[in-house]
Amino acid sequence: MNGVLKVVDHNRPGGALLSLENLRTHLFTSKGVVKAVDGVSFEIKAHEIMGLVGESGSGKTMTGLSIMRLLPSPPARIVDGRILFNGEDLTKMPDDEIRKIRGSKISMVFQDPLTSLNPLIRVGKQVSEVIQIHSGLPSEPALGKAIEILEQVGIPEAGTVASQYPFELSGGMRQRVMIAMAVASRPELLIADEPTTNLDTTIQAQVLSLLRQIRDSQGTSILLITHNLGIVAWICDRVAVLYAGRLAEIGPTNAVLRNPSHPYTQALLRSVPRTDSERGKLETIPGEVPRLTRLPINDCHFHPRCPHAKSVCQSEQPDLIQIGKDHFASCFIYSKDWERTK
Amino acid sequence: MFSREPKLVEDSESARPLRYEVLAILSRDRIALVALLVVIAATVVALLAPYIAPFDPTQQQLAGSLKGPSSIHLLGQDELGRDLLSRLMYGARVSLLVGASVVGVSLLIGVFLGALAGYYGGKVDSAIMRIVDVFLSFPGIILAVGAVAVVGPGLENVIIALILINWPGYTRVMRGETLRVKENVYVLASRGMGASDSWIMRKHIIPSAISPVVVLATIGFGWAVLAEAGLSFLGLGVQPPAPSWGGMVSEGLEYVLIAPLMALFPGLTIAITVWAFNMLGDGLRDALDPSLRI
Amino acid sequence: MTEPLLEAVDLSKIFPVRKGLVFKKTVAEIKAVNHVSFTIGRNETVALVGESGSGKTTIARMVGRLLRPTSGRVLFDGSDAWKLKGDELKNMRRKIGFVFQDPFASLNPRMRVRDVVSEPLAIHHLMTKKEREERVRDLLVRVGLSKDDATKFPHQFSGGQLQRIAIARALALEPSLIIADEPVSSLDVSAQAKIMNLMHQIQQDLGISYLMISHDLGVVRHVSHAVFVLYLGTIAEVAPADEFFQRTLHPYSKALLSAVLVPDPEVLQKRPPQLLKGEIPSPLNLPQGCKFNTRCPFMQPKCKEEEPPLAPTDSPEHTTACFYWEPIEKGEIVPRF
Amino acid sequence: MSEERYSISRYLLVRLLLLIPTFLGVSVIAFLIMKLTPGDPLISVIGFGGSQNSVTAAALRAELGLGQPLYIQYLLFVWRILQGNLGNSIAQQVPVLTLIGQALPNTLLLISVAMTFAVAIGIPVGILAGVKRNRATDQAVRVGSILAASLPDYWLGIMLLILFAFYLRLFPVGGNIGPTSVVLPALTLGIGLAGLLIRLTRSSMLDQIHENYIRTARAKGLSEWVVIRRHALRNAILPVITVIGLQVGYLLAGDFFVEYVYAWPGIGRLVVSAILVKDYPVVQGFLLLAATAYVLINLTVDLLYTAIDPRIRFQGRE
């Protein structure tokens, strides 16, 4: 098709830290194949915070777990595509090599810090464990370093906290411990999966600002998985919007949020309740998120809910089309012959 | 708790009434299905024993004493020449009757007292659970042997003794489940609509708390069969000449060096039957109830 | 002004913390709610806003007669809700409906939608079986579901659809007040908007009042007429919604409002979220004086000694529990971050 | 730290106090179970021993307070227990404590060998089955372990006896006549126990392996073996410990079928034969012993729990 550019350009110098090429991660369940991630491509550059947004079932967590190679298997499996990290394909990497990368070069912060921490191990030990395996430090100095890192992530009296158990800490503190574990080996990439979802509003702001500080001070790239467009607006440099396992739109945060181009992004933004608007009804997206087991292969998955849908949307899958500088949307509206299409 | 990602298994089985869950589990779990078939077969044999047994189980035929399997006596004959197969078939009646009545009554008592203790808490709970504690602090089988020894051997007494040692377990599990279930928001919602305690118990607590108790009952059935056979082995169960599996093992013990099959067959029958109930319970438990793992 | 539908008068709730396995004695108290009063008018939505430990859910349960207040009264339609008995109590129950946060938890997964929605009718022995089925179908259609959904089980629906079922159930007895505890916070953005619109529509059609509990000021903005901000069981600020979102006076309300991230990078650049220091104090160990003093950027010596009362401001119906709201607003006290 | 120790000793004290009502209940049952026996126990005793004359019988009657009202008999019974006197065996005219003291070491030996065997087999196999969930290995282990737990132990005992003692002549036929005597009875008990432990370890592992913190451990870059050993196993072992403890309590006499088949001179055989001849001082003594063992084991398990799981430790302090 004319006017269509590929997002991923390997030949660009000073390119991406991580690039996903046509990643497909499917879940093989008794009810059928769930195409959780179905051909997603994007890249994360050094020192940038990349937002990955979507609603339930959009495949954002599966994307994060695919990068970490931490998919629950069975039922999940990467069936196609490449994940290039510093030029190496993570999907092809043997288990013992990916293990060396996990927690040292790429690390992950999960949504629910209480259940994500081992309930029976003191938090200092949990942080020092990751230091020990990747630096080979003996346990004493590793613990000392762990306390240092706990301090760096804003935990007061880190020495005391280190000897406490997760259940003794508040939600915000637990998430700081998780972040400490993730940054202990100064990773190049930090994947944060809904890191503030169960936290209070004022605590959420603190944790997000901590993540930004980490990027600023250590130059860590961050893939921030979230459903909250406000979070994206505040701390992300670029954002990718997922819908039903596919990329709907990707671009610089400013461009995507101020000039949303995919009809889904547009509708999603309009349905966010905002404090700076008026009392009354919100705009909504008609219909429901589709069941992932029953999706056709060749269509735009958003077409049943799209106000602009034409017949082409039901029979072909749109490619990403460039809208502006670094800004792409996968919608036929931006194809040259949209006016003439039925 | 409020994960925004879809659950990996889209339609969780535990979110439906019990009968749907049971069907769904059995349709996937082949081994549990085999176990179910064994249970059904044992039940059919027990019910139809008078019609399908080739011989009268008490009919002696001294000429055939301790004879091995033959085309007429498929599993052979005992010391009095009685047909072993027929005796096993009639023995199934005893085993399953004991299993059903022990489990049935213990289940009723346990569900009732457990729900009461868990739902109301406080003094009701303390009173019920202290009694349960006392019963649980004896080795159950010894208590049963003692109780039968006190009131005398016989089928009814065995049943009563086994109920006596069984109900506390059901009560404890039901109480635990009730404690968990009553924290559900839908119970609070029901109270907000003005529901009475008895409504909440009938419509919400018992239906939601029952599945681990059902698992326990399945396994408990196997346990009761095993226990009855044990008591009969000691001569405390059904009295001769009426056949029972445990009694047959005991009779076989005397001739075990001459005719080992006489003890082998009833033992195997017990093992397979108990295995089937345990297997079925295990299959149900894996899917139904993560909280009950013993 | 007509008589309010519901009046909460000086409500307090203290949870005792007991120690000991045999002889339990109270060793500490959690003051979950301290002297909270508010009224809800007819056809009006009142929002209680706050973070964890603010006591908002406790208040909702006391108002809905699910949790007995330690002191204070709840007047519903003029009569003391906690003194009603028998038929009068049943009558009050019929007039108050509930919608809870997580629809997966608040609907019994073992019941068909039909039985879920008609449960309140069955509890109150209303209508014949046939009439109930008719009513369930009407209710399902009213909340935007199909009549055929009546025979399905909850697991066959999405979170948003389940919340519609929960609303249908709350409407079954034609209540005059619905207490909604975080009704949209566990839902996806697009489902959130739909549920909020549905609640709005129902209010317009049926003239229902809502007590809306939420931590999300964006949601509150769209549905409420009056806003109550709670911090650690105490009211920090009360204002009509339109005024609140124009002009907040209490430092906590300001911080809370600024921490709500608007999905617009330019707005956030102009007005970045204000970061509070520290954690929310434990309700077991409440600060002396103003409860917000440990985190307040405008804190003055007096705030550590005296607890500020909820006092009127220069604007009608706008009250706040801060000694220094005026100098703060005029910029006479500079924040320390 | 001192506060913690203080609270643990207090916790212990409270737990011990809570035993009083349990013991009262136990003593009532121990008392009643034999009191309800129809007929005069001494008749069976005299019939059994054959050597007692009517004078002995009268003395026995007086000692046991058999002529008194029931509650007096009960109070006498409790009074004697509190003095540490469990009475004499009617059948053997020996103090009950002596009989129990002779039998207990044998039973403990049997239980400990059986339990060691069961733990050595059950826990590793259970872990393996849990890690390889739903593969062929797991299914085979599943069928086998449940079968092992379903075998009637008297029958299994007989079969092992025929095979190993009569045909293969590897082990002695019965009694406790040397170190090899314990092998067959312990194996008989151990097979069922191993089946139980396999099931339990497996499901407990499965519970843990799906927890979020296991994913975190993997995300740190730990190898699968370290994830299982350092993270999953520690959490999974708690319910297994409970069951091992309870089983030890249960087996104190629950192994009597095995003791019976192998003529093993342990508690189980002592008690069951005492029941059968209505030698109720022995039965009563045993019931009290079993209940004491049960509660002490429970207490030990609870303390182990608090040592392993900090959440419980802190609840205890509250």
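The values are calculated or read from the model by the stated rules, or taken from the named source; none is laboratory data. The structure presented is a predicted model; accordingly, all values stated were derived computationally and were not measured. Every residue, glycine as well, gets a Cβ built from its backbone with ideal geometry; the counts of neighbours run over all protein chains shown. Keep in mind that these areas ignore ligands, DNA and RNA; they rest on the heavy atoms of the full protein, side chains included. Shrake-Rupley method; radii C 1.70, N 1.55, O 1.52, S 1.80 Å.
Remarks
- Normalised by the number of residues in chain C, the mean separation of alpha-carbon contacts (under 8 Å, six or more apart) gives a relative contact order of 18 percent.
- Between the stretch C:227-287 and the stretch A:178-256, the alpha-carbon center distance in angstrom: 23 Å
- Diagonalising the gyration tensor over the Cα atoms of the stretch D:86-221 and scaling each eigenvalue by 5 before taking the square root yields semi-axes of 39, 20, 12 Å, largest first.
- Cut-off 12 Å between beta-carbons: net charge of the residues surrounding D:Lys132, Lys and Arg +1, Asp and Glu -1: +2
- Inter-chain Cβ neighbour count for D:154-167, averaged per residue, equals 4 (cutoff 10 Å, partner chain atoms only).
- Dipole moment magnitude, nearest 20 debye, the protein assembly as shown about Cα centre, only Lys, Arg, Asp, Glu C-beta charged: 180 debye
- Pairwise Cα inverse-distance average, inverted: Kirkwood Rh of the stretch A:22-109 (Å): 13.7 Å
- For chain C, the Cβ-based charge dipole about the Cα centre amounts to some 1360 debye (Lys, Arg positive; Asp, Glu negative; other atoms uncharged).
- Its Cα gyration tensor gives the stretch C:256-326 an equivalent ellipsoid, and the semi-axes of that ellipsoid, as √(5λ) in whole Å with the largest first, are 26, 18, 11.
- Options C:Gly160, B:Gly110, C:His318, ranked by Cα towards positive dipole end of the protein assembly as shown, top entry (Cβ charges): B:Gly110
- Percent antiparallel among DSSP beta bridges (both partners in the protein assembly as shown, rounded to 5): 60 percent
- Close amide-amide hydrogen proximity is noted between C:Leu230 and C:Val49, C:Gly50, C:Ala236, each under 5 Å apart and 5 or more residues distant or on a separate chain (H modeled in the peptide plane; Pro and chain starts excluded).
- Entry note, the stretch B:96-294: relative contact order of 25 percent, from Cα contacts under 8 Å with a spacing of 6+ residues.
- Environment charge of A:Leu189, counting only residues whose C-beta is closer than 12 Å and scoring Lys/Arg +1, Asp/Glu -1: +2
- Within the stretch D:68-154, the proportion of C-alpha pairs whose separation exceeds 17 Å stands at 70%.
- Chain B pair-distance distribution - Cα-Cα, 10 Å bins, rounded %: 6, 24, 28, 21, 12, 6, 2, 0
- Here C:Lys270 is the anchor, and the aspartates and glutamates within straight C-alpha reach of less than 14 Å, apart from those fewer than 8 places off in the same chain, are A:Asp276.
- Its Cα centre serving as origin, the stretch A:113-184 has a Cβ charge dipole (Lys and Arg +1, Asp and Glu -1) of approximately 160 debye.
- Proximal charge balance of C:Asp87 [Cβ under 12 Å; K/R count +1, D/E count -1]: +3
- Largest to smallest in accessible area, the residues B:Ser106, B:Ser71, D:Ser112 fall in the order B:Ser71, D:Ser112, B:Ser106 (1.4 Å probe, all protein chains included).
- Of the whole protein surface, C:Arg114 contributes about 70 Å² of accessible area at a 1.4 Å probe radius.
- Shape analysis of the stretch A:113-184 based on the Cα gyration tensor places the equivalent ellipsoid semi-axes at 18, 12, 11 Å, largest first.
- Relative contact order %, the stretch C:62-171, counting alpha carbon pairs below 8 Å whose residues are six or more apart: 30 percent
- The stretch C:128-193 gives an Rg/Rh value of 0.98, both radii derived from C-alpha positions and Rh following Kirkwood.
- Tail weight of P(r) past 19 Å, computed on alpha-carbon pairs of the stretch C:86-219, percent: 46 percent
- Rounded tilt (10° steps) of B:140-151 against the dominant C-alpha axis of chain B: 60 degrees
- Gyration tensor verdict on the stretch A:145-228 (Cα atoms; rounded if a/c is under 1.5, prolate if a/b is larger than b/c, oblate otherwise): oblate
- Fraction of C-alpha pairs exceeding 37 angstrom in chain C: 23 percent, rounded to a whole number.
- With the charge dipole of the protein assembly as shown set up from +1 on Lys and Arg Cβ and -1 on Asp and Glu Cβ about the Cα centre, the Cα lying farthest toward the positive end among the listed residues B:Pro243, A:Val177, A:Gln132 is that of B:Pro243.
- Over the stretch A:207-342, the alpha carbon radius of gyration divided by the compact-protein estimate 2.2 N^0.38 Å works out to 1.16.
- Nearest-10 value in Å² for the accessible area of D:Ile81, using the 1.4 Å probe: 50 Å²
- Farthest toward the positive end of the dipole of chain B, out of B:Ala53, B:Leu188, B:Trp275, is the Cα of B:Leu188, where the dipole comes from beta carbon charges about the Cα centre.
- For the cross-link pairs A:Lys145/D:Lys220; C:Lys129/C:Lys152; A:Lys281/C:Lys330; B:Lys203/C:Lys13; A:Lys281/A:Lys310, the ones whose C-alpha atoms lie over 24 Å apart are A:Lys281/C:Lys330; B:Lys203/C:Lys13; A:Lys281/A:Lys310.
- Within chain C, the cysteines lacking any other cysteine Cβ closer than 4.7 Å to their own Cβ are C:Cys296, C:Cys322.
- Partner chain coverage, peptide A:44-56 - average Cβ within 10 angstrom: 2
- Dimensionless Rg/Rh of the protein assembly as shown - Kirkwood Rh, Rg from C-alpha atoms: 1.02
- Each residue was assigned an accessible area with a 1.4 Å probe, and for C:His225 the value is about 60 Å².
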